[in-house]
Amino acid sequence: MSSLQLSIALEVNEVTQPVHDGTVTAEGIELVSSNVHSGELIWRQIRFAEFDIAQMSLPALLILADRGDSPWLALPVFPQRLFWHTRVMVRADSSCFHPRDLVGRNIGVPEYMMTGAVWMRGIFRDEFGIAAEDLRWHQERPEERNIGAAFGYRPPANVHVERIPPHKSLMTMLIGGELDAASILISDTTLLDRSRPELQRSSGIRPLFEDPVAESLRLYRKTGLYPINHCVAVRRSVLERHPWVALNLYHAFLAAKERAVTQTAERLDPYFRLGLLPPEGRATLNADPFPYGLKQNRISLEAMVRYCHDQGLTSRRLGLEDIFAVNTLAL
């Protein structure tokens, strides 16, 4: 019996590489794989639906589900997580050292509705009392290559959002003093983003938080949040015809992640043996810092559902069952 051939696109990293290169396979499925930057990939999926399986933005899936016309169903596979609020950058000579220092100032993002920006605004409000309307937003992506514009999303009327002119970028405006801060800096030039890596290495900028790692740890210990940026979504019509695809893919991604975790432990072993890392740290390698499944990720997923509603991306608070494949809900 021949395998079902499906196209898949991911922004490949250490936990998805084994699926991308075929080292780990999904039973009954032959994957035709592409490595695409996540922002560009999500825009292509929303605009053209090019791939059967792809890394996908949680806010995009929630918006589509809220409208009742989503062509995608998610798997509880989460290949990318970041504490996005700690990625806010300011000029080295800035007087801003705390999120509250940004009130009334200009902040740039690649796109207002992108996942990282939703996380940043939600955490700023919950942790520091700063509402979206307290800042003046500037987004870099042009209208014709804007993920939100692809399905008609517009920011709330009470929030000031401007588009960065095509001859400028987040980084040039930050370094030039036209922006007070820039969030979620993307290191690569893509079809959507034009900030250049060499500008991001400029000595003229610094993180808003003096110690971003300490701030990430503080938030995690207080709330249990480890912000999920993307999941993996499958074309709904594929799962309607072949419902087994969801769990077969899930098992493949899980095996790929476990392979990456094992390799990390093996690479660190010499450091423990040579005393370069403390021996008590070896026990922590049994922990899973990026679990898959809904049960272990409910805190982060429900926070994203709340943030999307609070920020006007969805008209109601959806349930996880509105976006995830039915046979993955118990995972």
Practice problem: Would you be able to say whether some residue in region 84-94 is farther than 14 Å from Ala182 by Cα, among the aliphatic types (A, V, I, L, M), buried (at least 20 other Cβ atoms within 10 Å of the Cβ) and in contact with a strand residue (DSSP E or B) (Cβ under 6 Å, 6 or more places away or on another chain)? | Solution: no
Practice problem: Spot the failing condition for Ala265; the list is (1) at pLDDT 95 or above; (2) surrounded by 12 or more Cβ atoms within 10 Å (Cβ to Cβ), and only one is missed. | Solution: (1)
Quiz item: If you take the residues of region 1-38 that are aliphatic (A, V, I, L, M) and not in a strand (DSSP E or B), which of them is modelled with the lowest pLDDT?
Solution: Met1
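Residues are listed down the side, and each one gets a yes or a no for (1) free of Cβ contacts under 8 Å to residues at least 24 places away in the same chain; (2) of a type outside the set (D, E, K, R):
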{"residue": "Ala131", "(1), (2)": "yes, yes"}
{"residue": "Glu140", "(1), (2)": "no, no"}
{"residue": "Glu144", "(1), (2)": "yes, no"}
{"residue": "Pro155", "(1), (2)": "no, yes"}
{"residue": "Leu174", "(1), (2)": "no, yes"}
Self-check item: Only listed residue being in contact with a helix residue (DSSP H, G or I) (Cβ under 6 Å, 6 or more places away or on another chain) and outside the structural domain of Ala60 (by TED's automatic domain parsing), chosen from Arg141, Arg125, Arg136, Arg121
Solution: Arg121
Quiz item: Of all residues in region 38-64, which are closer than 22 Å to Trp244 by Cα and either surrounded by 20 or more Cβ atoms within 10 Å (Cβ to Cβ) or free of Cβ contacts under 8 Å to residues at least 24 places away in the same chain (or both)?
Solution: Phe51, Asp52, Ile53, Ala54, Gln55, Met56, Leu61
Quiz item: Which condition does Leu301 not pass, out of (1) closer than 26 Å to Gly28 by Cβ; (2) in contact (Cβ under 8 Å) with a residue 12 or more places away in the chain; (3) not hydroxyl-bearing (Ser, Thr, Tyr), if it passes all the others?
Solution: (1)
Quiz item: Scanning for something surrounded by fewer than 17 Cβ atoms within 10 Å (Cβ to Cβ), farther than 20 Å from Ala65 by Cβ and either modelled with pLDDT under 95 or within 17 Å of the chain's Cα centre (by Cα) (or both), does region 120-143 turn up at least one residue?
Solution: yes
Quiz item: Do we find that Phe290 is among the aromatic types (Phe, Trp, Tyr), at pLDDT 95 or above and either within 24 Å of Leu219 (Cα to Cα) or out of contact with any His (no Cβ under 7 Å at 6 or more places or on another chain) (or both) in this structure?
Solution: no
Quiz item: From the residues in region 221-257 that are in a loop (DSSP other than H, G, I, E, B) and out of contact with any strand residue (DSSP E or B) (no Cβ under 8 Å at 6 or more places or on another chain), which one is nearest to Met120 (Cα to Cα)?
Solution: Leu225
Quiz item: From the list Leu62, Leu41, which one is part of a helix (DSSP H, G or I), at pLDDT 95 or above and closer than 30 Å to Leu208 by Cβ?
Solution: Leu62
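The values are calculated or read from the model by the stated rules, or taken from the named source; none is laboratory data. Because the structure is predicted, anything quoted here is derived from the model rather than measured. Cβ coordinates were reconstructed from backbone atoms using ideal geometry, including for glycine residues, and neighbour counts include every protein chain displayed.
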